[in-house]
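Working notes for the structure below.
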Amino acid sequence: MKLPGRITGMFRIRTDQPEVIRAQLRALSKQIPLVYFLLSTNVLALSATHFGVAPAWLTVVTPLVVLLASIARSLDWIRFSRRPFDLAEGIRRLRNLRTLATALAILMPAWAIALYQYGDIYQHTHVAFFMSVTVVGVAICLIHFPPAALSVMLVVAAAFAVQFGLEGNRIYLALAINMVLIAFIVVHTIGTYSKAFNGAVMTRIALKRQNARTRRLADGNARLALHDHLTGLANRRGFFRILENAIAGAAKAPRFAVGLIDLDGFKQANDIYGHAAGDQVLVETGRRLREMVGKQGAVARLGGDEFGILLPLDEGCDDLRTQGQKICAALAQPFALANGAARLSGSLGLSTYPASGLDAEMLFDRADYALYFAKSHRTGTAVVFSSEHEALIHRNAEIEQALRTADFETELSLEFQPIVRAGDGRVNHFEALARWDHPQLGRIAPDRFFPLAEKAGLVSELTVNLFGKALQAARLWPAEIGLSFNLSARDLVTPEVGLMLVAAINRSGITPSRIAFEITETALLRDIEEASRMIAHLHALGVKVALDDFGTGYSSLSYVHELEFDWVKVDRRFIEHITANERSQKVVKTIVDMCENLGIESIAEGVENRQQAEMLGELGCRYLQGFHFAQPMTAQGVASYLARVRGGSKRNGQAVA
Ligand code: C2E
Ligand code: CA
Ligand code: CA
């Protein structure tokens, strides 16, 4: 930039750089009182040396006015330094300062030059000294604000040069030249300093901004890491953080409950109303839960349709189960959606600190167990972890340990329960039911140990072992009697198990069409794609596939349609009250009709008496199974049972023998 441009630039107030203005004002508010101090002491000194020589308005009135004005201005700047200000006020103050500085730069030399008309050579020298020292001092004090510093320096230096340069005295001429040189140096220094000052301010601001950005990013990452972005609630990690904090702060709130919630029917709502509606349900669930737990509590979305809550337990509040039931009731209210209203329910498992556990992990596990208990026994209700659950966990741990060391070959056996035709009661096939007799623990029920074997990763071994035993038994049965065998969830998604089952069928020599595998819906839900592959593979071999416990899950209908089941087994909970409960009758009738339409065979399980059997026959159910026909029996028992029910038929008698 050319010199004139640079100089005019230096007179500008940087309204485009608010940060520079703020920094200038901060620096000036410390410097300006010094400027006034310097000015008034120098004015007083010059007045004193001219007192009595020059007129009073120059030696008394003017210094008094300067002193009072200096005190007033200094106080104003000191006050200003202590209060916040906005940019407009800052700019105004700088403009005023520039004007005042220029005015003083004219008035003060004018006053000094007026005094110069009086006195002797010493007093004249004092005037020159006053002007030169004051101007340099003031310009340096104003260095942070070049417009003021420069006008002071240039105006006074010009006045000095004119006054003393034209005096016709060599010494004064030398002083004038000296002053002009100093003025150049000071102007240059002010220019350089101001550039460096502005640069430093801008760098500091940039650094500050960058730090703020980094901090925002870090905060954002931390938020993301601990929060669920859909609901804005804490996520699983965030929930554990909340639990840990609650435990750490237990001195303040000594008792609290940890709850885990699972929405029942969420998947259906998602399927029926769409994902946007599903999201809406999740957000609304979060809102309802927050309302229920209050300000002291906390809510987290742990993933999918699973939520976690922290519930402070105050003296005098409802007992925990009642509170839990209220939460379940809140979730059972319909969810208003853009395209309808969804009805869901939430199961809740609760554990308490410190009774159920002392650390976050344990509290979570206990609540999870209570939730599992709620879901498997009382869907849509709240279960509080209790000492009975503790005993169950203990017992389960014992069973799991026993499973790991069990000798499956000798300890595992099978019982068989016949499935009969509704019309004539003829045996169609037998369902194989696992039995485990442990030397120390005694007989353990299959619905007890299978889930534990699944969890322990031992179930495939059990399946393969049992299926071998089942085939061995079925080889002795008449050719028209089939075998139905239960598969576990894990089996369905383990292709090696599928291969081993197929190999076992081939080895046994039994026609694959005599064999059916029973699969529950919950097992399908694990990994529907992998499960469908396995089912298709089994189908291709001619093996039959049955959907077990139909009606206990949720999306049954869609599975029946997609997966081409050969059999559907109506869960025994619909059969239990069928003779008295019209609703059960309707449900069964619907299922039976649907099977009929799709060309699927229907089986009713858990038929315990003649009335049930007759009613099921009337409803059109094709096959029946239950204690009314026979209890599950040993492999040996099957032979005598068949002999009995099929009565002396020669062909069958031979086959069974
Ligand atoms: P499930 O597949 O529904 O098997 C039927 C269960 O109902 C059997 O219990 C049977 O004894 C019982 N049952 C039969 N008729 C009646 C009746 O009239 N009334 C009542 N109340 N119950 C009846 P079990 O043998 O204790 O088996 C329980 C569950 O264990 C089975 O339910 C099945 O899910 C599982 N399970 C049994 N064996 C196996 C197996 O080899 N593999 C797998 N993965 N699971 C098995
Ligand atoms: Ca079954
Ligand atoms: Ca069943």
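Details
- Selection count, region 558-577, where residues are surrounded by 14 or more Cβ atoms within 10 Å (Cβ to Cβ), assigned to a helix (DSSP H, G or I) and away from ligand 3 (no atom under 11 Å from the Cβ): 5
- Per this entry, THR62 is counted among residues that are touching a residue at least 24 places away in the same chain (Cβ under 8 Å) and crowded, with 19+ Cβ neighbours inside 10 Å.
- Filtered by the rule that a residue be open to solvent by less than 40 Å² (accessible area, probe 1.4 Å), out of contact with any helix residue (DSSP H, G or I) (no Cβ under 6 Å at 6 or more places or on another chain) and under 15 Å from PHE164 (Cα atoms), region 88-113 gives no residues.
- Within region 479-525, the set of residues being among the small types (Gly, Ala, Ser) and modelled with pLDDT of 90 or more comprises ALA479, GLY482, SER484, SER488, GLY498, ALA503, ALA504, SER508, GLY509, SER513, ALA516.
- In region 589-626, the residues that are of a type in the set (Val, Ile, Thr), within 15 Å of ligand 1 (Cβ to nearest atom) and within 19 Å of VAL560 (Cβ to Cβ): ILE603
- Given (1) open to solvent by less than 30 Å² (accessible area, probe 1.4 Å); (2) under 46 Å from the mean Cα position of the chain (by Cα); (3) of a type outside the set (Val, Ile, Thr), number of the condition ALA473 does not satisfy: (2)
- Any chance GLY468 is under 19 Å from SER508 (Cβ atoms), open to solvent by 10 Å² or more (accessible area, probe 1.4 Å) and either out of contact with any His (no Cβ under 7 Å at 6 or more places or on another chain) or away from ligand 1 (no atom under 13 Å from the Cβ) (or both): yes
- Residue that is nearest to ligand 2 (Cβ to nearest atom), among those in region 500-545 that are closer than 13 Å to SER488 by Cα, outside any helix (DSSP H, G or I) and open to solvent by 20 Å² or more (accessible area, probe 1.4 Å): THR520
- Test for THR8: is it modelled with pLDDT under 90, in a helix (DSSP H, G or I) and β-branched (Val, Ile, Thr): yes
- For LEU243, the conditions (1) in a helix (DSSP H, G or I); (2) at pLDDT below 85 are fulfilled apart from (2).
- Figure legend. Inter-residue proximity from region 380-399: first residues under 19 Å from CYS328 (Cα atoms), second residues part of a loop (DSSP other than H, G, I, E, B) and open to solvent by less than 70 Å² (accessible area, probe 1.4 Å), beta-carbon distance below 6 Å, spacing 6+ or different chains. Indicated pairs: PHE385/SER356.
- Filtering region 351-379 to residues that are closer than 22 Å to LEU331 by Cβ and hydrophobic (A, V, I, L, M, F, W, C) leaves LEU363, PHE364, ALA367, ALA370, LEU371, PHE373, ALA374.
- Among the residues of region 429-445, the ones that are open to solvent by 20 Å² or more (accessible area, probe 1.4 Å), within 16 Å of ligand 3 (Cβ to nearest atom) and touching a residue at least 40 places away in the same chain (Cβ under 8 Å) come to 1 in all.
- Under the condition of being surrounded by fewer than 18 Cβ atoms within 10 Å (Cβ to Cβ) and more than 45 Å from the chain's Cα centre (by Cα), the residues counted in region 578-590 number 5.
- Close pairs (6 angstrom Cβ cut-off, 6 or more residues apart or separate chains): closer than 17 Å to SER345 by Cβ in region 277-291, in a helix (DSSP H, G or I) anywhere: GLY278/ASN270; VAL281/ALA269; ARG288/ALA330
- With respect to (1) of a type outside the set (A, V, I, L, M); (2) assigned to a loop (DSSP other than H, G, I, E, B); (3) within 16 Å of ligand 2 (Cβ to nearest atom), the lone exception for SER602 is condition (2).
The values are calculated or read from the model by the stated rules, or taken from the named source; none is laboratory data. Since this is a predicted model, take the numbers as computed values, not measurements. Ideal geometry is used to build each Cβ from the backbone, glycine not excepted, and the neighbour counts take in all protein chains shown. Areas reflect the complete protein model, heavy atoms only, side chains present, ligands, DNA and RNA absent. Shrake-Rupley method; radii C 1.70, N 1.55, O 1.52, S 1.80 Å.
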